[in-house]
Amino acid sequence: MRGVVLAGGHGKRLQPLTLVTNKHLLPVYKKPMIYYPIETLRNAGINEILIVTSGEYLGHFYRLLQTGRSLGVKLHYEIQEGSDGTGAALLCAEEFTRKDDFMVILGDNIVYENVRSFIDDFQEEKKEFKAKILITKVDDPKKYGVVEFDEKRVTRLVEKPAVPFSNYVNTGLWIFQPEAFNYLKELKTSPRGNMKPPMFYIPMQNRDC
């Protein structure tokens, strides 16, 4: 299994800090934010990792991370042109995954637990499901991507709805089989202006991160 870290975006809410660099390179406690998702993948046994970011920041990432050797991984880089959202960013990973299963994590995610069991669950269920999403329950879901599900199948996922329909939200951690790219190529623009893939069923995992 391979790993993909999505580290694009302009970080407008963090300006003026993000006027000079990408938000994922800013420090959180004693290390850059981008270290945390890389370590999450590494601790789960994933060592081949792609970082997707915008061209203007690619040199910043490489100056800090280089090949990833110091973090115990092998890093690859891909440029996302434009800012069309998560679905479009994932399409940048198609060549890198080489038809392997892959785990995706947002570059500003800090996950405290080891998600290896999340991968193990996926391996057992992959004949039935093409993807898996990690969700959690929160008190104020309208700030997140809100998830609706029926047993193990996600039936709806809406980003920051004005009126949330559940308290379960997307944590920004997914596992996909390579068939996911077939769905991503049918991208449509969402009301928020991002490229949104058609809905397909995903087994859920209810676990706090």
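In the range 47-65, which residues are among the aromatic types (Phe, Trp, Tyr) and closer than 11 Å to Asn22 by Cβ? Within the range 47-65, Tyr57, Phe61 meet the criteria. If you go through the range 74-106 and keep only what is outside any helix (DSSP H, G or I), among the β-branched types (Val, Ile, Thr) and open to solvent by less than 10 Å² (accessible area, probe 1.4 Å), you end up with Val104, Ile105. Looking only at the range 1-23, residues that are in contact with a helix residue (DSSP H, G or I) (Cβ under 8 Å, 6 or more places away or on another chain) and not in a helix (DSSP H, G or I) come to 13 in all. Filtered by the rule that a residue be within 21 Å of Met103 (Cβ to Cβ) and not aliphatic (A, V, I, L, M), the range 32-60 gives Pro32, Tyr35, Tyr36, Pro37, Glu39, Thr40, Arg42, Asn43, Gly45, Asn47, Glu48, Thr53.
Does Phe122 meet the test of being assigned to a loop (DSSP other than H, G, I, E, B) and either touching a residue at least 24 places away in the same chain (Cβ under 8 Å) or surrounded by 14 or more Cβ atoms within 10 Å (Cβ to Cβ) (or both)? Here the answer is no, as Phe122 does not meet what is asked. A count restricted to the range 24-46 and to residues that are open to solvent by less than 40 Å² (accessible area, probe 1.4 Å), touching a residue at least 60 places away in the same chain (Cβ under 8 Å) and part of a helix (DSSP H, G or I) stands at 5. Return only the number of the condition from (1) in a strand (DSSP E or B); (2) open to solvent by 20 Å² or more (accessible area, probe 1.4 Å); (3) among the basic types (Lys, Arg) that Lys142 does not satisfy. So the condition that Lys142 fails would be (1).
Residues of the range 91-130 that are touching a helix residue (DSSP H, G or I) at 6+ places or on another chain (Cβ under 6 Å) and aliphatic (A, V, I, L, M): Leu91, Ile105, Ile110, Val111.
The values are calculated or read from the model by the stated rules, or taken from the named source; none is laboratory data. Being a predicted model, the structure only gives us computed values, none of them experimental. Heads up, the Cβs are rebuilt from the backbone with ideal geometry, glycines too, and the neighbour counts pull from every protein chain shown. Remember, those area values only see protein heavy atoms, side chains included, never the ligands or the DNA or RNA. Shrake-Rupley method; radii C 1.70, N 1.55, O 1.52, S 1.80 Å.
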